[in-house]
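The structure under discussion appears below in the form of structure tokens.
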Amino acid sequence: MSQAQAESVIKSIIREINQECALRGPTLSETLVAFMVKAVVLDPKNEFNVDRKLTSQDVQKLVELCVDKLMQECSPALDTIKMQVFFDMNYTSRREFVEEHQRVLQARLSPLCREITEVRVKTQEELQALYSTITSFVLLRSGLGPPSDVNTVRETTAALQSIFPQQELGTFMSLAKKDKVQQLNELTSVVMGIRLFNKFLHKGGESIDDLPAFLGLTLPAASHNAQQQLEQSQRLAWKCTALLERAISSEAEQEESDPSLTLLKQSLYNLRQHETFLKVILVSSALCSAAVPSFRREAVNLADLSQCSRQVELLQTDLTSRMSILTETVQFRTAVPTALVFPHFTVLGELWKGFQDEMLLLSILDNIAATLQPYLAAQSQLFPEKLLDDMLQGSEVKTDEQRVAESADDRVDPSEATGREWFHPDTVGNFDKLPLQYRGTCGYTLVNKEGLLLPGNPSIGVLKHRGKFYAFSSKDAALSFSSLPEVFISRVAEKAKSSPELIQLLQLHQQFCGQKILAKPIATRDSGTQTDTHLVETNMVVSYEWNEWELRRKAIKLANLRSTVTHSMQTDLSHLRRENCSQTFLPRPQASQTKRDGHSNVPRPQVYLAGLRGQRDGRLIKTNLTRPISE
């Protein structure tokens with residue numbers, strides 16, 4: 001079966017399952033149905049062979065199993081899968097949230113922008129209408145106050161006229177479309193800065209919301225609510241873990257009134273998944289290190305409430321500094337050069353857009369955190385906190401921090417597990433940033449204790465096996481896992497096949513399909529494009545002539561050139577303008593041999609004179625002391 005045929009069969013199965021579920025209850029998303037199909041096929045208890053073609057009986061059995069699982073009531077496992085699908089479809093990075101908002105805003109304003117950039121005015125009334133349209137665009141794009149408010153429109157018009165009077169519309173109309181859009185955006189930023197500065201000076205801006213003050217109040221409240229939900233999920237997860245440990249270690253038979261071990265594990269997975277998603281929204285890197293070490297560092301660089309708080313503080317500092325600079329610049333001056341203040345107004349507008357983005361992110365994150373709460377309904381109905389306290393009967397409930405502290409002194413000695421590569425906090429840099437498998441939980445405990453999730457303690461030692469890193473809850477678990485790592489890895493995968501919610505919770509996508517199971521569906525939508533009538537606004541042909549006789553004169557000149565002879569000459573001033581080159585041959589090296597040079601040494605002349613001094617009447621005696629040449 002080709003890939004296209006296989007995709008067609010899968011789509012038909014999903015469509016049939018969706019129709020069956022719609023007859024029994026609300027319509028489900030295609031992503032949830034597709035995930036359930038994958039989970040049912042992977043479960044070994046259902047005995048589906050993925051290597052052979054599905055028969056009609058297999059398809060019917062698959063549809064029935066998927067419908068039964070999707071229509072289960074009060075199922076923590078189903079709630080966990082729904083929670084995973086919802087979060088995967090609605091949460092993305094901080095940058096993508098802002099980019100999506102900008103695309104939506106641009107799509108809403110595109111008709112107005114197109115009307116401004118493509119209009120052709122001829123009368124004074126059309127010029128005034130165009131200027132009003134530009135004012136409306138600036139007002140809507142800035143988001144400073146309601147567009148229906150009279151004072152808001154008046155303030156925006158006054159600010160726009162101070163930097164862009166109506167007399168400059170002619171210059172604006174002569175620009176290309178791209179330049180027009182750029183100038184509209186620049187005008188919006190400057191107008192925003194002017195209105196914000198006037199509000200700072202208490203000269204207007206009553207309709208502008210005080211976003212810094214509002215964010216200063218709502219951010220702590222949103223963080224507090226999310227923190228409360230996180231603490232509640234952690235507290236319930238610790239109690240479920242204690243119950244599971246006692247039930248697994250106890251050899252006595254359970255009473256009939258005791259809850260099912262399977263439902264208790266599903267509730268634990270549900271709580272751990274809710275805890276993980278809340279940390280993605282709430283916890284920054286600093287808070288993660290102080291929180292649960294096992295389910296940690298989900299999104300250090302993603303959009304969370306802590307990062308929103310830090311960003312708001314930076315924007316508030318920059319806004320205050322820019323306002324002070326502007327106040328000093330325009331203080332006691334009746335006229336200020338535009339080149340001096342316009343850059344400050346532009347920066348003010350961009351800073352306020354940053355506050356608007358943070359407000360949007362806060363609203364999205366708060367809505368996501370609030371929407372996650374209903375996915376705990378089955379768990380809270382089966383195991384409310386009061387029931388868990390009664391079932392514990394005074395048993396000790398350990399937090400994840402306490403479990404990590406108990407095993408902090410036990411460290412794996414590499415000599416005890418030869419042939420394996422171990423990492424410790426004092427042997428490797430950036431130890432806390434190692435990408436631990438299974439979200440940092442202990443794979444050995446998951447296999448040997450009936451699917452129990454316990455946090456791994458990296459201080460014991462992190463095992464590196466085939467480029468992946470594993471943490472463990474105890475030294476014995478680390479040594480046992482390192483002795484047969486492939487066996488335990490495969491057994492963890494088998495556990496995930498029986499409990500499909502573990503695939504997303506423990507990030508096991510690569511072991512099953514090489515990619516994420518919860519993939520966003522490809523959405524189709526109607527779209528349209530518009531091509532400008534004249535791509536080049538100005539196309540002036542300089543050589544164009546409308547006069548027939550002028551064209552004839554040019555033709556005669558061209559005809560006369562055919563019979564003329566051209567002359568040229570070269571002078572001393574022009575000969576260097578031509579490129580010349582020459583090729584020469586280097587002279588051959590030559591040498592000659594002559595006779596040996598000789599020389600002679602002649603004696604040095606020496607003459608001695610006697611009687612020059614000391615005798616008044618003496619005679620001068622000259623003696624030649626020169627040696628003979630023959631010597």
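If the requirement is being on the phi < 0 side of the Ramachandran plot and either modelled with pLDDT under 90 or open to solvent by less than 40 Å² (accessible area, probe 1.4 Å) (or both), which of these qualifies: Ser110, Ser93, Ser136? None of the others qualify; the one that does is Ser93. Considering Gly419, Gly528, Gly461, the condition of being at pLDDT 90 or above and more than 26 Å from Glu47 (Cβ to Cβ) is satisfied by Gly461 alone. Figure legend. Inter-residue proximity from the range 60-74: first residues within 17 Å of Glu30 (Cα to Cα) and of a type in the set (Asp, Glu), second residues open to solvent by 50 Å² or more (accessible area, probe 1.4 Å) and in a helix (DSSP H, G or I), beta-carbon distance below 9 Å, spacing 6+ or different chains. Indicated pairs: Glu64/Glu20.
Just for the range 399-415: of the residues that are closer than 20 Å to Leu243 by Cα and surrounded by fewer than 15 Cβ atoms within 10 Å (Cβ to Cβ), which one is nearest to the chain's Cα centre (by Cα)? This residue is Glu401. Please work out which residue is farthest from Leu217 (Cα to Cα), limiting yourself to the range 374-397 and to residues that are surrounded by 15 or more Cβ atoms within 10 Å (Cβ to Cβ) and not hydrophobic (A, V, I, L, M, F, W, C). Within the range 374-397, the match that is farthest from Leu217 (Cα to Cα) is Gln379.
Applying a threshold of 6 Å to beta carbon distances and a minimum spacing of six or more residues, or different chains, the list of pairs starting in the range 475-486 at a residue that is under 18 Å from Leu454 (Cα atoms) and ending at one that is assigned to a helix (DSSP H, G or I) and not aromatic (Phe, Trp, Tyr) reads Lys475/Ile460; Ala478/Ile460.
From Gln102, Gln161, Gln167, which residue is under 34 Å from the mean Cα position of the chain (by Cα), in a helix (DSSP H, G or I) and surrounded by fewer than 14 Cβ atoms within 10 Å (Cβ to Cβ)? Walk me through how you get there before you give the answer.
Numbers: Gln161 fails: under 34 Å from the mean Cα position of the chain (by Cα); Gln167 fails: under 34 Å from the mean Cα position of the chain (by Cα).
Selected residue: Gln102, the only one of Gln102, Gln161, Gln167 that is under 34 Å from the mean Cα position of the chain (by Cα), in a helix (DSSP H, G or I) and surrounded by fewer than 14 Cβ atoms within 10 Å (Cβ to Cβ).
Criterion applied to Arg154, Arg195 was being within 28 Å of Leu326 (Cα to Cα), touching a residue at least 40 places away in the same chain (Cβ under 8 Å) and either touching a Cys at 6+ places or on another chain (Cβ under 9 Å) or of a type in the set (Lys, Arg) (or both), and the one residue passing it is Arg195. Kindly indicate the residue of the range 148-171 that is of a type in the set (A, V, I, L, M, F, W, C) and touching a helix residue (DSSP H, G or I) at 6+ places or on another chain (Cβ under 7 Å) and also farthest from Pro212 (Cα to Cα) among those meeting that condition. Among those that are of a type in the set (A, V, I, L, M, F, W, C) and touching a helix residue (DSSP H, G or I) at 6+ places or on another chain (Cβ under 7 Å), it is Leu169.
The values are calculated or read from the model by the stated rules, or taken from the named source; none is laboratory data. All figures in this text were calculated on a predicted structure; none of them were measured in a lab. Heads up, the Cβs are rebuilt from the backbone with ideal geometry, glycines too, and the neighbour counts pull from every protein chain shown. Quick note on the areas: whole protein, heavy atoms, side chains included, nothing else; ligands and nucleic acids left out. Shrake-Rupley method; radii C 1.70, N 1.55, O 1.52, S 1.80 Å.
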